[in-house]
Amino acid sequence: MTGSSFTRRGFLGLTSAAAVGVGLSACTGGGASTSGGATAAASNNLRLFTYEADETIGLLKAQVKKFDEQNGTTTTVDSLPGSGAAVYPDKLRTELLGGKGPDVWRIWGGQIGAPFAKAKQSLDLAPYYSKFGWDSKINTAAISGMTFDGVKAGVPFVSLGIGAWYNKSLLAKAGVSGPPTTYAELEAMNDKLVAVGVTPCGLGGKYGWDIMRLFEYLLEHTAGPELHDKLLTGGESWDRPEVVEAFALFKKWQDKKWLPEGALGLDPADIEPAYVQGKTAYTITGPWTEAAAILSAKKNPAGFGNFELPTDQSPARHSGFVEGYMINAKTGNADKAAALIDFIVQPATQKAMQVSASTVKGAEPDPKALPLSAEWSQKYGSNPFYTIQDQAFPKKQADQYFSVQSDLLQGSVTPEAAAKKMQEIVSAWAKG
C-alpha cells in the first residue's frame, strides 16, 4: 500500500490490536542493555518485545523458534497486547531507561516510533539495510514511515489502511443493498440499521484510539485532504468551522445511537469483533480483522465485506499506518537481532504468519486464504492515506486529544469548545 500521505504506523495483518492484555514478563535476553547504559555483552540469548494478540502470538513464536533452531539462539518473546499505543510505548521506554530493554521490539511509525530514534535508543539500521538488501525487498513508502531525520531506525513489515468491515446479513436485514458511496448514504444506512434494532458501528472508547478512527474520518469528510494534513502538523488552526462540524457529527453519531450504548467505556477487544457475532453491523478497522475476528470465529468470509468510508472528497483517502521492528542501540547482539528481523521479513515467514498487508515483496495476501484482505488491497491499496491521528501526534498530545473526544461525547464541552481546545493542544506541540 502506498499513498501521498503514507508516512506512519502499520499493523500486523492478523493482530487484534486490542486483545486482552497479558502480563509483561520480567525475563530479559542476554543482549539487553545494562542499567549503567553500557552496551551489553554478546550472547546467544535474544529478547523480542511485542504487542502481538493472544490469538496470533503462537504464529510469531513458531517462526522465532524456527529461527533459533537454524541459528543456535534462544529468543524470549514477550507480548503486551491490549492497549495499543496507550500503554505499550511507555512500558518499553521504562524498560530501556531501566537498562532492561529488549534486543528487538515492535513499534509503530510516526510520532510513536520517533522518540526512540531521536533518543538514540534504537540502532541506526542503515548498515543492515545494505547487508540484507531491505531497500529492494520492502515497500519504499513504508520504509519512509520508519525513517526519522534521515535515520533508518526501523524495518517496517506491514502497512495498512483503515476502512469499514461489515456483516452482509445485517445490512440486508436493514434493506441496504450495498456499501454506501457518499456520506449521506452512510448516515441513511445507519438510520435503517437502527430502525431494525441493529447497532450500526461497533467502536470502543477505552484507551481512546479506537473511537478516534471515527472522528478522523469525519474530519477528512469535513476538512478535505489538504486541510486535514495541515491540521495534523499545526499548519492550520483547529479553531475553525470544518473542525467544529466534524466534532458536531461525532456527537451526532453517539446521540443517534449509531454507536453502541456506553461506547466510551467499551474495550475495543470486546466491541470490534461484534460485527462478526452479529451484534453490530460494522466496525472501522484494518485487514487484520479477517483472521483475528472472522476466521478465528470459524466464519465464512463470504458473509462479510469491506469498503472505504466515503468522504465526498478528492482524492479518496483512508487512514493509514506502518509498523515494524527496531533494535536496541545498547544490545550486544546487534548482528543476531538484525538476522532475526531479516528472517521475519522473508516472504515465507510473512506468509506463515499470515500477514495480510505485508510490506515485503512476494508476501501479498493470498486470495484463497484471506479473500477479504486481498479484496481490500486490490480495491483500495493504491489509494492515498491520511495519517492515523494517534500516530500524527506525540503520545502526550494524543492523550490530550482523547480527553477532548471523551469530554465531547459526555457533553461536558461543545463542538466549538472542543475545536478551541484542540488548537491549544496542537499549537503547544507545534511551537515546542
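The values are calculated or read from the model by the stated rules, or taken from the named source; none is laboratory data. Just so it is clear, the model here is predicted, and its values are computed rather than measured. So basically every Cβ, Gly included, is an ideal-geometry build from the backbone, and we count neighbours across all protein chains shown. Areas reflect the complete protein model, heavy atoms only, side chains present, ligands, DNA and RNA absent. Shrake-Rupley method; radii C 1.70, N 1.55, O 1.52, S 1.80 Å.
Go through (1) within 21 Å of the chain's Cα centre (by Cα); (2) under 15 Å from residue 309 (Cα atoms); (3) surrounded by 20 or more Cβ atoms within 10 Å (Cβ to Cβ) for residue 222 and report which single condition fails.
(1)
When you scan the stretch 122-144, do you find a residue that is touching a Leu at 6+ places or on another chain (Cβ under 8 Å) and within 23 Å of residue 92 (Cα to Cα), even just one?
no
Restricting to the stretch 27-80, give me the number of residues that are at pLDDT 95 or above, of a type in the set (D, E, K, R) and open to solvent by 30 Å² or more (accessible area, probe 1.4 Å).
4
Residues checked against (1) within 25 Å of residue 289 (Cβ to Cβ); (2) in contact (Cβ under 8 Å) with a residue 24 or more places away in the chain; (3) buried (at least 19 other Cβ atoms within 10 Å of the Cβ); (4) of a type in the set (D, E, K, R):
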{"position": "231", "(1), (2), (3), (4)": "no, yes, yes, no"}
{"position": "237", "(1), (2), (3), (4)": "no, yes, no, no"}
{"position": "241", "(1), (2), (3), (4)": "no, no, no, no"}
{"position": "253", "(1), (2), (3), (4)": "yes, yes, yes, no"}
{"position": "259", "(1), (2), (3), (4)": "yes, yes, yes, no"}
{"position": "262", "(1), (2), (3), (4)": "yes, no, no, no"}
{"position": "265", "(1), (2), (3), (4)": "yes, yes, no, no"}
{"position": "268", "(1), (2), (3), (4)": "yes, yes, yes, no"}
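Of everything in the stretch 190-219, what is aromatic (Phe, Trp, Tyr) and more than 16 Å from residue 289 (Cβ to Cβ)? Give them in sequence order.
Keep residues of the stretch 190-219 that are aromatic (Phe, Trp, Tyr), which gives 207, 209, 215, 217.
Within the stretch 190-219, 207, 215, 217 meet the criteria.
If you go through the stretch 139-155, how many residues are at pLDDT 90 or above, open to solvent by 10 Å² or more (accessible area, probe 1.4 Å) and part of a loop (DSSP other than H, G, I, E, B)?
Within the stretch 139-155, residues that are at pLDDT 90 or above, open to solvent by 10 Å² or more (accessible area, probe 1.4 Å) and part of a loop (DSSP other than H, G, I, E, B) number 2.
Just name the residue that is surrounded by the most Cβ atoms within 10 Å (Cβ to Cβ) out of those in the stretch 395-416 that are among the polar types (S, T, N, Q) and part of a loop (DSSP other than H, G, I, E, B).
Applying the filter and picking the extreme gives 414.
Looking at the stretch 355-371, is at least one residue buried (at least 23 other Cβ atoms within 10 Å of the Cβ), of a type outside the set (A, V, I, L, M), under 17 Å from the mean Cα position of the chain (by Cα) and in a helix (DSSP H, G or I)?
No; the residues of the stretch 355-371 include none that is buried (at least 23 other Cβ atoms within 10 Å of the Cβ), of a type outside the set (A, V, I, L, M), under 17 Å from the mean Cα position of the chain (by Cα) and in a helix (DSSP H, G or I).
Of the residues in the stretch 73-91, how many are outside any strand (DSSP E or B) and more than 19 Å from residue 332 (Cβ to Cβ)? Show your work before the answer.
Keep residues of the stretch 73-91 that are outside any strand (DSSP E or B), which gives 73, 80-91.
Applying the additional criterion that residues be more than 19 Å from residue 332 (Cβ to Cβ) yields 80-91.
Looking only at that region, the number is 12.
Out of all the residues in the stretch 314-354, which are open to solvent by less than 30 Å² (accessible area, probe 1.4 Å), under 25 Å from residue 212 (Cα atoms) and out of contact with any helix residue (DSSP H, G or I) (no Cβ under 7 Å at 6 or more places or on another chain)?
Listed by number, the residues that qualify are 320, 323, 324.
Pick from 392, 374, 419: which is within 19 Å of residue 236 (Cβ to Cβ), within 20 Å of the chain's Cα centre (by Cα) and buried (at least 17 other Cβ atoms within 10 Å of the Cβ)? Please lay out each step first, then the result.
Working: 374 fails: within 19 Å of residue 236 (Cβ to Cβ); 419 fails: within 20 Å of the chain's Cα centre (by Cα).
Unique residue meeting the criteria: 392.
For residues that are at pLDDT 95 or above and open to solvent by 10 Å² or more (accessible area, probe 1.4 Å), tally how many sit in the stretch 277-292.
So the answer is 3.
A quick yes/no check of all residues on (1) part of a strand (DSSP E or B); (2) under 24 Å from the mean Cα position of the chain (by Cα); (3) in contact (Cβ under 8 Å) with a residue 12 or more places away in the chain:
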residue: 113; (1), (2), (3): no, yes, yes
residue: 116; (1), (2), (3): no, yes, yes
residue: 128; (1), (2), (3): no, no, yes
residue: 157; (1), (2), (3): yes, yes, yes
residue: 171; (1), (2), (3): no, no, yes
residue: 186; (1), (2), (3): no, yes, yes
